[in-house]
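The next block holds one structure in the form of structure tokens; read it before the comments.
The values are calculated or read from the model by the stated rules, or taken from the named source; none is laboratory data. These numbers were taken from a predicted model, which means no experiment stands behind them. Heads up, the Cβs are rebuilt from the backbone with ideal geometry, glycines too, and the neighbour counts pull from every protein chain shown. Just the protein is used for accessible areas: all its heavy atoms, side chains included, with ligands, DNA and RNA removed. Shrake-Rupley method; radii C 1.70, N 1.55, O 1.52, S 1.80 Å.
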Amino acid sequence: MTTPSGGTASPGVGVEPGVGAEPGGRWVSALSLANLGVWVGWFGPLQLLLARQAEQLTPDHKASTLAVVTGLGAAVSMVANPVFGALSDRTTARVGRRIPWVVGGVAGGAAGLAVLALASSVATVIAGWCLVQLALNAAFAALTAAVPDQVPPRRRGLVGGWLGVSQVVGILIGTALATVAGGITAGYLACAGFSVLAAVPYVLMRRDTPLAPAARPAFRWRTFLTGFWIDPRRHPDFGWAWLTRFLMNLSYSISTMYLLYYLTDAVHYTDDADTGVLILTALNALTLLATVVISGIRSDRSGRRKSYVIWSGLVISAATLLLAGWQTWTGAVVASLILGLGFGVYTSVDFALLTDVLPTAEDRGKDLGVINIANALPQVLAPVIAAPVVTHLGGYTALYALAGGLALVGSVLVRRIRSVL
């Protein structure tokens with residue numbers, strides 16, 4: 001396989017995790033906190049602020065405006081993550097390969113959130129959100145690549161579990177900040193401040209994998225660009241892992257992106273809809289936290305990944321089908337609790353599975369960035385799919401039935417991965 005840095009990589013070549021001291025609880029905690037800050041910066045806007053801003057600026061076509069803003073931002077994310085991952089693979093800073101991108105990414109993300117706080121037009125909202133996606137993906141790519149850099153395979157389910165905790169708590173805190181800050185402007189600024197502060201302990205620890213300048217291959221544009229294509233015929237398990245993650249994330253994006261409008265337009269929630277979203281997010285977080293770490297530990301101990309991912313996907317599918325068929329507040333509460341159970345297991349174990357099928361050691365940042373396209377591309381496609389389904393093809397019943405079907409297919413296809421138990 002040709003690397004994006006211009007050389008030819010051989011599987012298994014490079015600095016493997018577990019060489020030297022294994023990272024302890026302080027490092028895992030700092031990594032998880034920094035990751036949490038990134039998710040706050042993403043999901044405070046995604047859960048509430050962007051929807052409210054779209055409603056404020058274009059009340060007659062709020063759904064279309066939200067679709068354009070989130071779709072363009074996700075398109076930026078889809079490109080930014082693998083590119084910044086590849087650049088971090090090549091970085092020769094004295095503090096290491098990943099930390100400079102965490103610092104720059106979080107600072108840029110806070111700047112983008114500040115732009116959103118002051119936005120008075122749809123064009124400015126688009127510019128601010130694209131900057132947020134560009135910058136926070138630089139930080140996220142570096143934080144994600146730090147796990148296979150520093151953590152041996154036998155411990156990645158556990159670390160993936162804690163990253164899952166930080167993800168769901170980040171979504172919860174982002175939603176809470178957006179709800180209680182006192183308006184759209186204050187909500188964005190609160191998310192920005194939290195994201196910056198959350199990264200400080202990780203940066204100050206200065207635990208990173210350095211790359212000597214002499215070890216960096218010569219840069220060639222052609223090989224840099226073509227290196228982002230990982231041939232699924234040569235690396236089939238990587239290809240199947242990418243596809244299954246894409247389907248699961250498309251299901252999740254469809255389920256969550258229109259949750260605010262689902263409560264107001266389908267459930268006819270009579271209280272404040274923002275508070276309703278916060279309650280459902282908190283319930284989802286409660287059951288997710290109950291399963292995310294323990295499932296990662298159990299997967300590490302058993303050495304099995306696929307069965308956990310498959311069954312969690314089936315649970316996720318069941319939860320989305322409940323949203324399709326039981327459109328009441330009680331149904332939404334039950335579905336949120338079940339969804340949290342499924343995503344708790346999926347989040348930790350699927351991350352460990354992904355790190356087990358990476359093609360090379362040298363290109364972890366880039367390869368995980370390619371995997372993260374499976375996280376970002378659904379955000380582009382979800383509004384494109386959801387808007388016409390809600391408007392013309394059966395409303396929220398059809399939308400959540402589609403989400404359930406996607407999760408079901410994604411679960412079944414995990415069986416095609418051969419090199420992982």
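Miscellaneous remarks
- Test: residue in region 129-139 that is open to solvent by 50 Å² or more (accessible area, probe 1.4 Å) and under 22 Å from LEU259 (Cβ atoms): no
- When the criteria are applied in full, GLY164 fails the requirement of being without any contact (Cβ under 8 Å) to a residue 60 or more places away in the chain, over 29 Å from ARG216 (Cα atoms) and crowded, with 24+ Cβ neighbours inside 10 Å.
Okay, residues lined up against (1) surrounded by fewer than 24 Cβ atoms within 10 Å (Cβ to Cβ); (2) of a type in the set (Lys, Arg); (3) within 18 Å of the chain's Cα centre (by Cα); (4) at pLDDT 90 or above:
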{"site": "GLY41", "(1), (2), (3), (4)": "no, no, yes, yes"}
{"site": "ALA54", "(1), (2), (3), (4)": "yes, no, no, yes"}
{"site": "VAL79", "(1), (2), (3), (4)": "yes, no, yes, no"}
{"site": "ALA93", "(1), (2), (3), (4)": "yes, no, no, no"}
{"site": "VAL102", "(1), (2), (3), (4)": "no, no, yes, yes"}
{"site": "VAL106", "(1), (2), (3), (4)": "no, no, yes, yes"}
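- All positions within region 81-91 that are farther than 14 Å from ALA374 by Cβ and either open to solvent by 20 Å² or more (accessible area, probe 1.4 Å) or of a type outside the set (A, V, I, L, M) (or both): VAL83, PHE84, LEU87, SER88, ASP89, ARG90, THR91
- Selection of region 292-314 for residues being open to solvent by less than 10 Å² (accessible area, probe 1.4 Å), at pLDDT 85 or above and of a type in the set (A, V, I, L, M, F, W, C) yields only VAL309.
- Count of region 123-169 residues which are over 13 Å from the mean Cα position of the chain (by Cα) and of a type in the set (S, T, N, Q): 2
- Each residue in region 166-181 was checked for being within 19 Å of ALA142 (Cα to Cα) and either at pLDDT below 85 or part of a loop (DSSP other than H, G, I, E, B) (or both), and 1 pass.
- Taken over region 114-140, the criterion of being touching a residue at least 60 places away in the same chain (Cβ under 8 Å), of a type outside the set (S, T, N, Q) and under 16 Å from ALA199 (Cα atoms) is satisfied by VAL132, LEU136, ALA139, PHE140.
- Unique match (being modelled with pLDDT of 90 or more and open to solvent by 20 Å² or more (accessible area, probe 1.4 Å)) among LEU377, LEU393, LEU399, LEU322: LEU322
- Against the conditions (1) surrounded by 24 or more Cβ atoms within 10 Å (Cβ to Cβ); (2) under 20 Å from the mean Cα position of the chain (by Cα), LEU116 satisfies every one except (2).
- Counted residues, region 399-421 - those being within 22 Å of the chain's Cα centre (by Cα), among the hydrophobic types (A, V, I, L, M, F, W, C) and over 16 Å from TRP311 (Cα atoms): 3
- Verdict on THR58 being touching a residue at least 60 places away in the same chain (Cβ under 8 Å), of a type outside the set (A, V, I, L, M, F, W, C), open to solvent by 10 Å² or more (accessible area, probe 1.4 Å) and touching a Leu at 6+ places or on another chain (Cβ under 7 Å): no
- Those helices (runs of 4 or more DSSP H) of region 182-291 in which 3 or more residues are surrounded by 19 or more Cβ atoms within 10 Å (Cβ to Cβ) occupy 184-205, 236-257.
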